[in-house]
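Trainee: What follows is a single structure, and I will ask about it in a moment.
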Amino acid sequence: ATILCVVGARPNFMKIAPIHAQLRRSGKLRPFLVHTGQHYDAAMKDAFFTQLGIPEPDVDLGVGSGSHAWQTAQIMQRFEPVLDEAAPEAVLVVGDVNSTIACGLVAAKKQIPLIHVEAGLRSRDRTMPEEINRVLTDQISDLLFTTERSARDNLTAEGIDPSRIHFVGNVMIDALRAQLERAMPAAQTLQRHGRALPPQYGVVTLHRPANVDDPDVLARLLNVLAEIGRRLPLVFPCHPRTLQKIEAFGLQDMVEGPAITLLPPLGYLEMLGLVKDARLVLTDSGGLQEETTALGIPCITLRDNTERPITVTEGTNTLAGRDPERIRRCADEVLAGGGKRGRVPELWDGRAAERIVTILERHWG
Ligand code: UD1
């Protein structure tokens, strides 16, 4: 039987890699890989495919960037004939990006069973496009695989039949564990970009519209980051969206100098190597909240909420929002040696993809 797997944006790649590899090993199931083209730059896509050992997609829809409605609609239109032609037994989507809901909706309308990996996470913040994608994808999914136990309660509260829900662990942590030994040393990554690695450093990432699309909000964040950076130098691999905003708002001065080292987006192995030896990570990414928890690195999340609460209750994550005073206090605590140590959550053991494929084989093997 064929399982059509969808990827679209950077955070999807590390989730699909272990699932695709496990499907290739299955004697009963075959993967068919569709990339929507939501992320297309070499730094946002090719580096990940190569480093994570994902084969070239069977089909690339080549959609590219645009408004939410445009992008979602383009993906749907281009995906429909591909789905007809591939005629899979099921469609598997991961995460919460526009590609997830777009392809999920096409499959559901054609009554092709839909599998959602990383189901049931809720920030309860509907101003985030990802929250809308999560809620809607879960509603139309036939099989829902979760990364933490709280997800089941979220799903059953929304009327999802518990028999469809399987707690399997975290496929992104499968990828992390599989690749940790191959991570690129941070000093080498910095050197490749003509920069030197400070003996101790923190890592910053920022890309949420709520943090980067408003000039005042972004300037205030960069300001407190520069302040922290004067005590612990910060390395900042910058998402293309954020770089565009920094330039458009004329904020380049704030990310030049020894406090903040600005880098282009990094590949998976470069990023992993950088994060694993950091003293601290400041981020608004969903994935990094989990990766830092798995690695035991203190994480300060520059958002008011998280859809991944286990990273706070058991892991190393602290929610600091976007108030400079609060962010500074959280950083002070870590720098004074009081950062959270945390523990690795249940089933984040590198075997989530195995569990998923075993269940898929029961259905379609
Ligand atoms: C998307 C996801 C977000 C995820 C993020 C990770 C949605 C709604 N958002 O946000 O959940 O955390 O990916 O990166 O799906 N761009 C490039 N090159 C690329 C891709 C994008 O330069 O390869 C630029 C374009 O100017 C584009 C902008 O980045 O307009 C935003 O890209 P888009 O895919 O719309 O959203 P992200 O902010 O990346």
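The values are calculated or read from the model by the stated rules, or taken from the named source; none is laboratory data. Predicted model, so just to flag it, every value in this text is computed and none were measured. A quick note on method: Cβ atoms are made from the backbone with ideal geometry, for glycine too, and the neighbour counts reach across all protein chains shown. In case anyone asks, the SASA skips ligands and DNA or RNA and just uses the protein heavy atoms, side chains included. Shrake-Rupley method; radii C 1.70, N 1.55, O 1.52, S 1.80 Å.
Trainee: Among the residues of segment 336-365, write down those that are in a helix (DSSP H, G or I) and open to solvent by 40 Å² or more (accessible area, probe 1.4 Å).
Mentor: Residues of segment 336-365 that are in a helix (DSSP H, G or I), as a first pass: 336-338, 352-364.
The answer is ALA336, GLY337, GLY338, GLU354, ARG355, THR358, GLU361, ARG362, HIS363, TRP364.
Trainee: Which of the residues belonging to segment 278-295 are away from the ligand (no atom under 11 Å from the Cβ) and more than 17 Å from VAL334 (Cα to Cα)?
Mentor: Within segment 278-295, the subset away from the ligand (no atom under 11 Å from the Cβ) is 278-282, 289-295.
Hits for segment 278-295 are GLU290, GLU291, ALA294.
Trainee: So, one more: Quick check on segment 88-117: of everything there that is within 16 Å of the ligand (Cβ to nearest atom) and assigned to a loop (DSSP other than H, G, I, E, B), which residue is least open to solvent (accessible area, probe 1.4 Å)?
Mentor: Across segment 88-117, the extreme among qualifying residues is GLY95.
Trainee: Given the criteria among the β-branched types (Val, Ile, Thr) and touching a residue at least 24 places away in the same chain (Cβ under 8 Å), does VAL135 qualify?
Mentor: Details: among the β-branched types (Val, Ile, Thr): yes; touching a residue at least 24 places away in the same chain (Cβ under 8 Å): no.
Against the criterion (among the β-branched types (Val, Ile, Thr) and touching a residue at least 24 places away in the same chain (Cβ under 8 Å)), VAL135 does not qualify.
Trainee: For segment 1-36, name all the residues that are near the ligand (Cβ under 9 Å from one of its atoms) and open to solvent by less than 10 Å² (accessible area, probe 1.4 Å). Step through it out loud before you land on a result.
Mentor: So the first thing to find is which residues in segment 1-36 are near the ligand (Cβ under 9 Å from one of its atoms), and the list is 8-12.
Across segment 1-36, the qualifying residues are GLY8, ALA9, ASN12.
Trainee: Please enumerate the residues belonging to segment 118-134 that are open to solvent by 20 Å² or more (accessible area, probe 1.4 Å) and either of a type in the set (Lys, Arg) or closer than 30 Å to GLU85 by Cβ (or both).
Mentor: ARG124, ARG126, PRO129, GLU130, ILE132
Trainee: Across segment 309-318, what is the number of residues that are touching a helix residue (DSSP H, G or I) at 6+ places or on another chain (Cβ under 7 Å) and more than 20 Å from LYS276 (Cα to Cα)?
Mentor: Residues flagged as touching a helix residue (DSSP H, G or I) at 6+ places or on another chain (Cβ under 7 Å) and more than 20 Å from LYS276 (Cα to Cα) within segment 309-318 amount to 1.
Trainee: Considering every residue within segment 302-311, establish whether at least one is open to solvent by 40 Å² or more (accessible area, probe 1.4 Å) and either farther than 23 Å from ALA183 by Cβ or not in a helix (DSSP H, G or I) (or both).
Mentor: Taking segment 302-311 and keeping what is open to solvent by 40 Å² or more (accessible area, probe 1.4 Å), we get 304, 309.
So of that shortlist, the ones also either farther than 23 Å from ALA183 by Cβ or not in a helix (DSSP H, G or I) (or both) come out as 304, 309.
Yes: one or more hits.
Trainee: I would also like to ask the following. Among all residue pairs at least 6 apart or on different chains, which show Cβ distances below 9 Å where the first residue, located in segment 56-73, is in contact (Cβ under 8 Å) with a residue 12 or more places away in the chain and among the polar types (S, T, N, Q) and the second is part of a loop (DSSP other than H, G, I, E, B) and more than 9 Å from the ligand (Cβ to nearest atom)?
Mentor: Filtered contacts from segment 56-73: GLN71/THR36; GLN71/VAL63.
Trainee: Of all residues being in contact with a strand residue (DSSP E or B) (Cβ under 7 Å, 6 or more places away or on another chain) and open to solvent by 70 Å² or more (accessible area, probe 1.4 Å) in segment 150-206, which is nearest to LEU243 (Cα to Cα)? Just the residue, please.
Mentor: The residue in question is HIS193.
Trainee: So which residues in segment 247-274 are in a helix (DSSP H, G or I), away from the ligand (no atom under 13 Å from the Cβ), open to solvent by less than 20 Å² (accessible area, probe 1.4 Å) and touching a residue at least 40 places away in the same chain (Cβ under 8 Å), if there are any at all? Explain how you work it out, then say what you get.
Mentor: Quick first cut of segment 247-274, residues in a helix (DSSP H, G or I) only: 247-248, 252-255, 268-274.
Add one more test, that the residue is away from the ligand (no atom under 13 Å from the Cβ), and what stays is 252-255, 269-270, 272-274.
When the remaining residues are screened for being open to solvent by less than 20 Å² (accessible area, probe 1.4 Å), the result is 255, 269, 272-274.
LEU269, LEU272, GLY273, LEU274 - these are the residues of segment 247-274 that are in a helix (DSSP H, G or I), away from the ligand (no atom under 13 Å from the Cβ), open to solvent by less than 20 Å² (accessible area, probe 1.4 Å) and touching a residue at least 40 places away in the same chain (Cβ under 8 Å).
Trainee: One residue is enough: does segment 229-246 have a residue meeting the conditions more than 15 Å from the ligand (Cβ to nearest atom), open to solvent by less than 20 Å² (accessible area, probe 1.4 Å) and farther than 29 Å from PHE49 by Cα?
Mentor: Checked segment 229-246: at least one residue is more than 15 Å from the ligand (Cβ to nearest atom), open to solvent by less than 20 Å² (accessible area, probe 1.4 Å) and farther than 29 Å from PHE49 by Cα.
Trainee: Give the residues of segment 43-73 that are within 11 Å of the ligand (Cβ to nearest atom) and farther than 13 Å from ALA9 by Cα, sorted by residue number.
Mentor: Answer for segment 43-73, where residues must be within 11 Å of the ligand (Cβ to nearest atom) and farther than 13 Å from ALA9 by Cα: GLY66, SER67, HIS68, TRP70.
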